[in-house]
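The values are calculated or read from the model by the stated rules, or taken from the named source; none is laboratory data. Note that the coordinates shown come from a computational prediction; the quantities given were computed from them, not determined experimentally. Note that each Cβ is placed from the backbone with ideal geometry, even for glycine, and that neighbours are counted across all protein chains shown. For the accessible areas, the whole protein counts, side chains as well, though only heavy atoms, and no ligand, DNA or RNA atoms are used. Shrake-Rupley method; radii C 1.70, N 1.55, O 1.52, S 1.80 Å.
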Amino acid sequence: MSVLLTLTRIVQAAAEADSPAVQVRKLVDGIQREMDVDACSLYLVDDHQDLVLAASHGLGAAAVGHATIPHKQGLVGLVVAGRHPVNLVEPASHPAFHYVSGSDEEQFRSFCGVPLIRAGAVIGALVVQRREPRPLSAEEEAFLVTLGTQLALVVANWQDWHETDKYAPRVLRGIRGSPGIGIGSVFLCEDLDLFSVVDAPCRDRDGAKAQWRELLSRVQSEVREEQSALGDSLSREVAGIFDAYHMLLSDPALRLGVEQGIDAGHDLPSALRGVIQHFAKLFMAMEDPYLRARHEDIRHLGNRLYGTWREGMTGSGDENLPGGPLVLVGAQVSVSHIAAVPREQLAGIACFQGSTLSHTAVLANALGIPAVMGLGEVRGIGEGDNILVDGNQASVILNPEPAVLAEYRELARSEQQLRGLLQELRDQPAITRDGHRVNLYANSGLIADLSPGLAAGAEGLGLYRTEIPFMISETFPSEEEQYRLYRDVITAYRGKPVHMRILDVGADKPLPYFPVQEPNPVLGWRGIRFCLDNSALLMTQLRAMLRAAQGSQQLRILLPMVSASSELERFHVLLNDALAQLLEEGQTVCRPEVGIMVEVPAAISQLGKWRDEIDFLSIGSNDLSQYLLALDRNNPRVSPSYDHLHPSVLSEIARVVEAGAALKLPVSLCGEMSSDPEAVILLLGLGIRTLSLSAAQLPRIKWLIRAADSGEAARLAAQALQLRETNAIRELTESYLQSLAPPWLSKQHEVKQL
Ligand code: PEP
Ligand code: MG
């Protein structure tokens, strides 16, 4: 018996059910059948820690959904409290036995229960029973334990499965996508899969061909409309995605291929599937990695065409949208979904998958839409449900209570007021009460981000993530395209420093047209390693940057993920080469300052050896925390433990500041820590005087610096370095923060308590 195969079979059957009650019922039916037992029951822990019989095959139907076993009682209570399997015969004569009325349990003479544990907490128990007095064999028990482990990941929690709780409030935690509060009703973004379409014959070939032509032209004009809806706000980067769709849609091979399929007797969806599969396969087999990656676009387009066909050619434009503010909810929320909703109606985005740096989050940030990513597999969300997206706390509340809703509305209103208040600080310097100047730079990755940064009073661009334009392009951008883009960036920040990071792809930032399969991508082909191994790409990028910086002293080049001396040596050979080439071509380029991101812990002890190769240090606290703590920054399962205020992160930052001072290298910090007020106080205390952060957070951090005292911050930092626990460090900084009484804190604090 392969546990995984068995579970996949069972879960797939359950997924087809259209209500949670039927789904759990299918799960227990499947397990009963696969294990050849007489009964299988699923108990789930409720809010009072009692065990509710959520589903059963074999126990009396009257008990299902109603019967509860009080906390720590019965054999099921033993399983849950002891967190270990109980496997025995004659359960009714066991002293712990608790008879559940209506269950008809007396007919069973064997019992085996295993706990269901998720993220360290027991969420329920899975029980199988037989009429014969025969315990499960050791092999069967091990199988049930393994099944239980997997099942715990599938059965999220009792509320997810309990139909009567459908309208109860539910708080879901995710990953930060874009800040702000969004309140609206759920608008589901469905994921269709053309490849799962089953072959069917065509009854009216001429009719199907006419329908196909109409479908093509409808999707073409929809794509055009979406492009113009977004065009102004997102300029060139997003336009590239749409151009590729236009190209594919007008390819005669697609049009004729489907017509031929219909002529051969297939209905429209199966003819379309045949052609799309054929092309996707052709591209998959290509040697050129760029062309190979096109198969994803083709598949995406196929789903798009199929989706429109399924809507019965009624279109999916604004006329189908419900009224009022909407929150887009789905496994993935695409650019097309975002474009389909008028900006004034789009209140937020809640994504089951994705990370802070996925396209959706990047677009949401650029458009100022609150977004939460990586919520995990969420069940039981229905179209039209009330939903609240808290992009500040990375949480989503389904069906919030009226009181909670009112508090959040108040918070959203006061955030709006605060924006006005903070705006007044735009041209004021960030100077502490005791006269220490802090440079506040902006982080950016999109042209659309540049003006908010400047509007917020950024004194430079501290981190320009060049991978973002690469990620939302359809091909590697040419030297000319990059030159124009970088020129725009440098011009926008005229006279101010611009720190351009060379391409930092890999792991959570994949290039759609350069798929890389790695068993452990976070430890794989990333950052400078990727750039040096693809030196032609790096050379193109360096040439574009150097050309764009001509006539200004603004460019600083930032190297991501540096961990070895050889990386710096190889980089400088390439930089020298790029400079020599351009000078030979008659360009007036000059050598820019070069700095490294301190984000791989290995770099810290090596800084002294790199003095002659670098001009500045920029701490990447996101990756530094990830690698120091060995916690994936984008994994919702471990995200509660991922905190950049961990004592070891603080002491490594202190080491970097010390090394920077000894080597006379300026040190800045450009990770998320720069936008976390509690962290900023400690960074100030550790001696950091340059922070780079998102435009949206810049004004409040400026407010904080102007209210703080660097001597007090230093005392606080020294105290924090002595503490053992992240929580204790947070308590320490929180109370200092409260003493400063920032205008945003009280309301946010109240809402946090809800
Ligand atoms: C970081 O790692 O802290 C950082 C700023 O870079 P990124 O988030 O782009 O990896
Ligand atoms: Mg990083």
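Here SER675, SER625 are screened, and the one residue that is within 26 Å of ALA394 (Cα to Cα), at pLDDT below 95 and not acidic (Asp, Glu) is SER675. Within segment 589-602, residues that are within 23 Å of LEU631 (Cβ to Cβ) and open to solvent by less than 10 Å² (accessible area, probe 1.4 Å) have Cβ atoms under 7 Å from residues that are in a strand (DSSP E or B) and more than 10 Å from ligand 1 (Cβ to nearest atom) in these pairs: ILE596/LEU559; ILE596/LEU617; MET597/LEU559; VAL598/LEU617, counting only partners at least 6 apart in sequence or on another chain.
Yes/no matrix, rows are residues, columns are (1) open to solvent by 40 Å² or more (accessible area, probe 1.4 Å); (2) at negative phi; (3) without any contact (Cβ under 8 Å) to a residue 24 or more places away in the chain; (4) within 16 Å of ligand 2 (Cβ to nearest atom):
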{"site": "ARG437", "(1), (2), (3), (4)": "yes, yes, no, no"}
{"site": "GLY445", "(1), (2), (3), (4)": "no, yes, no, yes"}
{"site": "GLY453", "(1), (2), (3), (4)": "no, yes, no, no"}
{"site": "PHE470", "(1), (2), (3), (4)": "no, yes, no, yes"}
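The condition (being outside any helix (DSSP H, G or I), open to solvent by less than 50 Å² (accessible area, probe 1.4 Å) and away from ligand 2 (no atom under 16 Å from the Cβ)) is satisfied by just one residue among ASP612, ASP643: ASP643.
Count of segment 615-630 residues, restricted to those that are open to solvent by 40 Å² or more (accessible area, probe 1.4 Å) and not in a loop (DSSP other than H, G, I, E, B), is 2. Among the residues of segment 513-539, those that are more than 14 Å from GLU467 (Cβ to Cβ) and either more than 30 Å from the chain's Cα centre (by Cα) or more than 16 Å from ligand 2 (Cβ to nearest atom) (or both) comprise PRO515, GLN517, GLU518, PRO519, ASN520, LEU532, ASP533, SER535, ALA536, MET539. Restricting attention to segment 446-472 and to residues that are over 17 Å from LEU537 (Cβ atoms) and acidic (Asp, Glu), the residue that is modelled with the lowest pLDDT turns out to be ASP449. Just to be sure I understand the filter: pairs with C-beta atoms under 9 Å, separated by 6 or more residues or on different chains, first member in segment 473-488 and closer than 13 Å to THR540 by Cα, second member among the β-branched types (Val, Ile, Thr). Which pairs pass? Pairs found: PHE476/THR540; PRO477/THR540; SER478/THR540; GLU479/THR540; GLN482/THR466; GLN482/THR540; TYR486/THR466; TYR486/VAL498.
Against the test of being within 28 Å of the chain's Cα centre (by Cα) and more than 30 Å from ASP612 (Cβ to Cβ), the options ILE653, ILE729, ILE705 yield a single qualifying residue, ILE729. Of all the residues in segment 309-345, those that are at pLDDT 85 or above and open to solvent by less than 10 Å² (accessible area, probe 1.4 Å) number 5.
Among residues belonging to segment 649-694 that are of a type in the set (D, E, K, R) and within 15 Å of ligand 2 (Cβ to nearest atom), point out the one that is nearest to ARG176 (Cα to Cα).
Let us first name the residues in segment 649-694 that are of a type in the set (D, E, K, R), namely 652, 655, 658, 664, 672, 676, 678, 689.
This time we only want the ones that are within 15 Å of ligand 2 (Cβ to nearest atom), so: 652, 672.
Values: GLU652: 24, GLU672: 10 Å.
Among those that are of a type in the set (D, E, K, R) and within 15 Å of ligand 2 (Cβ to nearest atom), it is GLU672.
Could you identify the single residue in ARG655, ARG637, ARG633 that is away from ligand 1 (no atom under 14 Å from the Cβ), open to solvent by 10 Å² or more (accessible area, probe 1.4 Å) and part of a loop (DSSP other than H, G, I, E, B)? Break it down into steps so the answer makes sense when it comes.
Details: ARG655 fails: part of a loop (DSSP other than H, G, I, E, B); ARG633 fails: away from ligand 1 (no atom under 14 Å from the Cβ).
Only one candidate passes the filter, namely ARG637.
Among the criteria (1) under 37 Å from the mean Cα position of the chain (by Cα); (2) at pLDDT 85 or above, the one TRP161 does not fulfil is (2).
Looking at LEU582, is it more than 16 Å from ligand 2 (Cβ to nearest atom), over 29 Å from GLN738 (Cβ atoms) and aliphatic (A, V, I, L, M)? So LEU582 fits the description; yes. The residues in segment 450-463 that are touching an Asp or Glu at 6+ places or on another chain (Cβ under 9 Å) and not in a loop (DSSP other than H, G, I, E, B) can be counted, and the count is 1. Looking only at segment 590-609, residues that are part of a helix (DSSP H, G or I) and near ligand 2 (Cβ under 10 Å from one of its atoms) come to 0 in all. Select from segment 615-640 the residues that are away from ligand 2 (no atom under 13 Å from the Cβ) and in contact with a Gly (Cβ under 9 Å, 6 or more places away or on another chain) and write down the one among them that is farthest from PRO521 (Cα to Cα). Here the answer is ASP615. Can we say ILE614 is over 30 Å from the mean Cα position of the chain (by Cα) and under 20 Å from LEU542 (Cα atoms)? Yes; evaluated as a whole, the condition is true for this residue. Taking ALA630 as the residue in question, decide whether it is modelled with pLDDT under 95 and among the hydrophobic types (A, V, I, L, M, F, W, C). Against the criterion (modelled with pLDDT under 95 and among the hydrophobic types (A, V, I, L, M, F, W, C)), ALA630 does not qualify.
Residue check: ARG556 meets all listed conditions (1) within 16 Å of ligand 1 (Cβ to nearest atom); (2) open to solvent by less than 10 Å² (accessible area, probe 1.4 Å); (3) more than 27 Å from the chain's Cα centre (by Cα) but one, namely (2).
Among the residues of segment 640-652, those identified as more than 13 Å from ligand 1 (Cβ to nearest atom) and modelled with pLDDT under 95 are PRO640, SER641, ASP643. The residue of segment 607-630 that is nearest to ligand 1 (Cβ to nearest atom), among those that are of a type in the set (Phe, Trp, Tyr) and in contact with a Leu (Cβ under 8 Å, 6 or more places away or on another chain), is PHE616. Does LEU732 count as open to solvent by 50 Å² or more (accessible area, probe 1.4 Å), at pLDDT 95 or above and part of a helix (DSSP H, G or I)? No.
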